[in-house]
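Remarks on the structure that follows.
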Amino acid sequence: MMEQMKRETSHSREKIISFTAKNGAVIGICCVLIAFQIAEPRFMKIDNILGVLNSSTLLVVMTFGMTMVMAVRGIDLSIAQVADAAGVMAAMLLLSGKNFLVAILGALAFGLLVGLINALLISYLGVPAIIGTLGMMFIIRSVELTLTDGAQPQILFTLPADRVKNFFFIGQESVGPVSVLILLTIVIIVVMYLTKERSVFGRHMDAVCGNVDASLLAGINVRRVFASTFVISSVLAALAGVMLVSRSGNAVPRGAETYLTDCFVAVYIGTLISSRNKFNIIGSVIGALFVGFISNFITLMGMGIAYKNIFNGIFIILAVALGVLKSKVHS
């Protein structure tokens, strides 16, 4: 009888551990959001939620880039700096009298160039990703500060309305009740989901992440797959930089650097949505939105950046710990 009770207790414990490992992330996110609502009644108001969704679009787009790179066991430390510099470039082009299309395409071309350089260095010359992208981050930062005379803000909202109307449409206008930023991000989510989760390229990424040697034997061009993720990452970062400047009406050098840590938190939280800790697009969306709600709560409570860093650190540790727990359960 005692032996049977022990077996039942052990079985129940295993079921609880398995359930926690599989659904711990979702349960944890819901608990945190409920706690935020209890602490600050304004948190769950519709206007506040819509504001968070709108402001989180930038992080969602940047997180996709980091997701693609990390999905092939890489890392891109230059992603926030690319967004920062691309936004400054777009603003400078507008201030110099260029058309809004030239400003946007110029910023995206800059992201493409950085992505190609990262791809060449890392995928074809063998420079470690952490070293190559860290070096690129410092180079971009130095050039940006030089061009802006030591981080001088590029103010756009003082320009005549007809010169910036089309550019501001991206970040400040709405189609009905939904902002253009949210609509644009939904389109990007669909494109990235199809690319990562439903395409041959996405399957090749999964193969490279699983076993590089087996991927080579299967005829997959591993270098090209690895390189492509860095190009995608930089282009998405540049697009996020344009979105940021269009929303705020000015470009502040080094203003987007804090997004780097946010991207890491969002990506790691996103892996917990997957049954096998897989880097995935839907999980990254959820992770980015969660990070956006954390930032919003800190703002509502009047806390400083230090508290945000504490939250980020805690959630990165918890995400990794839950990931390890989930791996043990599956094994």
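The values are calculated or read from the model by the stated rules, or taken from the named source; none is laboratory data. On a predicted model such as this, the values are computed, not experimentally measured, just so you know. Cβ coordinates were reconstructed from backbone atoms using ideal geometry, including for glycine residues, and neighbour counts include every protein chain displayed.
Worth a mention:
- Filter pass, residue 68 being part of a helix (DSSP H, G or I), closer than 24 Å to residue 185 by Cβ and at pLDDT 95 or above: yes
- Residue among 110, 138, 100 that is under 24 Å from residue 267 (Cα atoms) and not small (Gly, Ala, Ser): 138
- Yes/no for residue 134 being out of contact with any helix residue (DSSP H, G or I) (no Cβ under 8 Å at 6 or more places or on another chain), more than 30 Å from residue 169 (Cβ to Cβ) and without any contact (Cβ under 8 Å) to a residue 40 or more places away in the chain: no
- Given (1) surrounded by 24 or more Cβ atoms within 10 Å (Cβ to Cβ); (2) in a helix (DSSP H, G or I); (3) among the small types (Gly, Ala, Ser), index of the condition residue 35 fails: (1)
- Here the range 131-186 is the region considered, the condition is being in a helix (DSSP H, G or I) and polar (S, T, N, Q), and the residue that is surrounded by the most Cβ atoms within 10 Å (Cβ to Cβ) is 133.
- Residue list for the range 116-145, restricted to those being closer than 22 Å to residue 259 by Cα and hydroxyl-bearing (Ser, Thr, Tyr): 133, 142
- Flag not set for residue 277, criterion: more than 30 Å from residue 101 (Cβ to Cβ), modelled with pLDDT of 90 or more, surrounded by fewer than 23 Cβ atoms within 10 Å (Cβ to Cβ) and not β-branched (Val, Ile, Thr).
- Taking the range 205-224 as the range and being touching a helix residue (DSSP H, G or I) at 6+ places or on another chain (Cβ under 8 Å) and either surrounded by fewer than 13 Cβ atoms within 10 Å (Cβ to Cβ) or in a helix (DSSP H, G or I) (or both) as the test, the residues that pass are 205, 207, 208, 212, 214, 215, 216, 218, 222, 223, 224.
- The requirement of being free of Cβ contacts under 8 Å to residues at least 40 places away in the same chain, closer than 30 Å to residue 166 by Cβ and not small (Gly, Ala, Ser) is not satisfied by residue 220.
- Pairs are defined by a Cβ separation below 7 Å, a sequence spacing of at least 6 or placement on different chains, a first member in the range 261-277 that is at positive phi and in a loop (DSSP other than H, G, I, E, B), and a second member that is modelled with pLDDT of 85 or more and not charged (D, E, K, R); the pairs so defined are 277/271.
- Any hit, the range 256-263, residues being of a type outside the set (Val, Ile, Thr) and modelled with pLDDT under 90: yes
- Residues satisfying the stated conditions in the range 77-104, i.e. closer than 25 Å to residue 258 by Cβ and either of a type in the set (D, E, K, R) or not in a helix (DSSP H, G or I) (or both): 77, 78, 84
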